[in-house]
Amino acid sequence: MRKVIALKTASDFSAYLASLGVSLPFDETVESGPDSPLAQPYILNDRVIGNRFAALPMEGWDGTIDGCPTELTKRRWQRFGLSGAKLIWGGEAAAVRPDGKGSPNQLMILNETVGEFAELRELLVQTHKEHFDNSDDLMVGLQLTHSGRVSRPYDKNRPEPIILYHHPILDQKFGLTADSPVMTDDEIARLVDDFVRAAALAQQAGFAFVDIKYCHGYLGHEFLSAVDRPGRYGGSFENRTRFLREIVAGIRAKAPGLDIAVRLSAFDFLPFQRGEGGRGEPVPFRGDSYPYAFGGDGTGLGIDLTEPLAFLDLLTELGIKLVCISAGGGYYNPHILRPSFLPASDGYRPPEDPLVGVARLVSVTAELKRQRPQLVYVGSGYSYLQQWLPNVAQHVIRTGMVDFVGIGRMVLCYPDMMTDVLTGKPLKHRMICRACSDCTTAPRKGMVSGCYSLDEFYRKRPEYQQLRQLKRQK
Ligand SMILES: Cc1cc2nc3c(=O)[nH]c(=O)nc-3n(C[C@H](O)[C@H](O)[C@H](O)COP(=O)(O)O)c2cc1C
Ligand code: SF4
C-alpha cells in the first residue's frame, strides 16, 4: 500500500488508482475565486448556502457529564466556524436523553442544556462572521442521536447497550446474551417523543435544521436492519422506517419551520475483526444470506441500493431534502466509513487500500444522486485523499456527482484547508490529515478526542503522552 503523501503528481495519483483498479475521477487543476466550482452557492428553498463545503459532525467526547459543552467543545465548534464551510452538518452528535449517550461526556440536548447549545451555535456563527464578514449564507444544524447498541452513558468502562433485536455477531461483541432485553414498541414510542422534544429545543437554540442520525450503527441505523424484529418497528421496510416517520410527524407538529435532514449509512457490510497480521477480515457468518446489512446484497460484502433508494423516496415523501451519505458502523467496520492508513486501538489493519473505501463512498453517493436527483447530497469520507482532496472535491462538484463535499477529520487538523482552496493559497502540507486514527484511539481509551498528531494544542495536553505510551506498548 502506497502512502498518498508520496503520490506527488497527477500522473502518480492516476497510475496508482489504476493499479488498484479504482475509478476515482479528479481534476488536475483546482480553481479558486468566486467563479470556481467549489465556491458556487447552493440555493435551498429560500436560503443561500455560500459554497459547496460541509463540515461533517465530529464529536469530541469532551462534554460535561450533564451534557454541556466544555472549553474543548467550544474550541472545536469555533474551528468549524472558521473552516469556511458554509454548511455545518450537525456539529456533533447530541444525545436526546441520558441513556442514549455513547459516552458519559457526550453532549445532550435537554431543557436544562438548551441555553448552552444556543451559545455554542452562536460562538460558531460569530467566529465565522469574524473570519468571513458574512454569516447570512451559513447554515448550521444539530445532529440528534440515541447511541442504541453502543450506549455507554454513565461510566466509560461500562457499556449499557439498548438494542432493537438480537444480532448474531454484534450481541457477542457488546457483551449481550440471548436474554438481554430488547426495546419494546412502547419504549420506542417514548423515544420518538424525546427526539421531537430535542428537535424543538434545537430550533429554540437557533439551529436551522436537525439531522436525525441514521448511520454508523447507532439506534436510528439499527432500525433499518431490524428485519426479524416482530411488531410495529421491525420486519417490513414500512415498519423499519416507522420510527423516522413518527419523529418527522412530531417535529412538523411541534417545531414547524425547522428543516429536517438525515445522515444515512447507505450501505453496510458484515462486522470485521482482526485477522492474520492484524489485517481486517469479515467475521464468519453461518447462514445462506446476511440480512443485517442495510443496503447490502446478502453476501455481507456487496451493495444493493434497492432499499436505500426506497429510503430516499421516503425522505422525499416526508418533505426532507438534505441527506448526508455515509456507510457502515464505526465500531464494527470502520474502514468503510472512515478510510484510514492506521487503525484505531480497537480496530484492524485496512483490509483494502483506503482509497478503495473513498472511491466506494464517492461512487455510491453519485449513483444515489443520479437515481434520485431531487435530494440535496452531502458526501463523506474524503479526508484520506489528503493533498488530493481539493482535486477530487472540485471534480465531484463540477460534474454534479454530489452537491456538497463533507469534510470530517481534515477539519480537526487543518480547519482552514477549505478557505485555502477557495482563495487559491497553497496547501499547508504539514497540516494535512494523515489518517492515523489518533483522534479515534483517544476516545476509545477514555480520553477526549482531537488531532493529537498535528494540532499543537492537543500535543501539549497530557493525553498526548498517554497515547504515545500506548503506542510504545503495542
Ligand atoms: C473523532 C471523530 C468524531 C466523529 N463524530 C461523529 C459524529 O458525532 N457524528 C457522525 O455522524 N459522525 C462522526 N464521525 C464520522 C465523521 O463525520 C466522518 O463521517 C468520517 O470521519 C469520514 O469522513 P472524513 O474522511 O472526512 O474524516 C466522527 C469521526 C471522527 C474521526
Ligand atoms: S489525529 Fe489528526 S492526522 Fe490523525 S486521523 Fe485524526 S485528524 Fe487526521
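Miscellaneous remarks
- Within segment 302-345, the set of residues being free of Cβ contacts under 8 Å to residues at least 12 places away in the same chain and not in a loop (DSSP other than H, G, I, E, B) comprises Thr306, Glu317.
- Residue satisfying condition, being touching a Leu at 6+ places or on another chain (Cβ under 7 Å), closer than 16 Å to Gly400 by Cβ and within 16 Å of ligand 1 (Cβ to nearest atom), within set Leu24, Leu38: Leu38
- Scanning segment 393-435 for residues that are at positive phi and crowded, with 17+ Cβ neighbours inside 10 Å returns a single hit, Ala435.
- Output for segment 407-434, where each listed residue is in contact with a Lys or Arg (Cβ under 7 Å, 6 or more places away or on another chain) and either near ligand 1 (Cβ under 10 Å from one of its atoms) or of a type in the set (A, V, I, L, M) (or both): Val411, Cys433
- Condition met for Glu160 (surrounded by fewer than 24 Cβ atoms within 10 Å (Cβ to Cβ) and in a helix (DSSP H, G or I)): no
- Residue in segment 452-462 that is farthest from ligand 2 (Cβ to nearest atom), counting only those that are assigned to a helix (DSSP H, G or I) and either β-branched (Val, Ile, Thr) or surrounded by fewer than 19 Cβ atoms within 10 Å (Cβ to Cβ) (or both): Pro462
- Residues (touching a Gly at 6+ places or on another chain (Cβ under 6 Å) and either within 16 Å of ligand 2 (Cβ to nearest atom) or assigned to a loop (DSSP other than H, G, I, E, B) (or both)) located in segment 374-405: Ser380, Ser383, Val402
- Unmet requirement for Lys321, which otherwise passes all of (1) buried (at least 16 other Cβ atoms within 10 Å of the Cβ); (2) at pLDDT below 95: (2)
- The listed residues are Gly67, Gly81, Gly63, Gly90, and the only one of them that is touching a residue at least 60 places away in the same chain (Cβ under 8 Å) and buried (at least 19 other Cβ atoms within 10 Å of the Cβ) turns out to be Gly90.
- Inside segment 42-67, residues that are over 17 Å from the mean Cα position of the chain (by Cα), within 16 Å of ligand 1 (Cβ to nearest atom) and within 21 Å of Arg461 (Cβ to Cβ) make up a count of 2.
- Only one of the listed residues (Arg409, Arg459, Arg370, Arg472) is of a type in the set (Lys, Arg) and in contact (Cβ under 8 Å) with a residue 60 or more places away in the chain. That residue is Arg409.
- All positions within segment 463-474 that are over 20 Å from Pro69 (Cα atoms) and part of a helix (DSSP H, G or I): Tyr464, Gln465, Gln466, Leu467, Arg468, Gln469, Leu470, Lys471, Arg472, Gln473
- Enumerated helices (runs of 4 or more DSSP H) restricted to segment 164-269, each holding at least 3 residues that are at pLDDT 95 or above: 185-204, 219-224, 237-240, 242-254
- Among residues of segment 435-451 being of a type in the set (Ser, Thr, Tyr) and assigned to a loop (DSSP other than H, G, I, E, B), the one that is farthest from ligand 1 (Cβ to nearest atom) is Ser437.
- Members of segment 226-262 that are of a type in the set (Asp, Glu) and surrounded by 14 or more Cβ atoms within 10 Å (Cβ to Cβ): Glu246, Asp259
- Scanning segment 344-355 for residues that are out of contact with any strand residue (DSSP E or B) (no Cβ under 6 Å at 6 or more places or on another chain) and either within 10 Å of ligand 1 (Cβ to nearest atom) or not small (Gly, Ala, Ser) (or both) yields Ala344, Asp346, Pro350, Glu352, Asp353, Pro354, Leu355.
- Applying the condition of being surrounded by 10 or more Cβ atoms within 10 Å (Cβ to Cβ) and of a type outside the set (Ser, Thr, Tyr) to segment 32-42 and asking which residue is farthest from Gly257 (Cα to Cα) yields Pro37.
- Among residues of segment 48-73, those that are part of a loop (DSSP other than H, G, I, E, B), aliphatic (A, V, I, L, M) and farther than 18 Å from Val411 by Cβ, counted: 1
- Within segment 182-211, the set of residues being closer than 14 Å to Gly91 by Cα, of a type outside the set (A, V, I, L, M) and buried (at least 23 other Cβ atoms within 10 Å of the Cβ) comprises Phe207, Phe209, Asp211.
The values are calculated or read from the model by the stated rules, or taken from the named source; none is laboratory data. Note that this is a predicted model, so its numbers are computed, not measured. Using ideal geometry, Cβ is built from the backbone for each residue, glycine included, and neighbour counts are taken over all protein chains shown.
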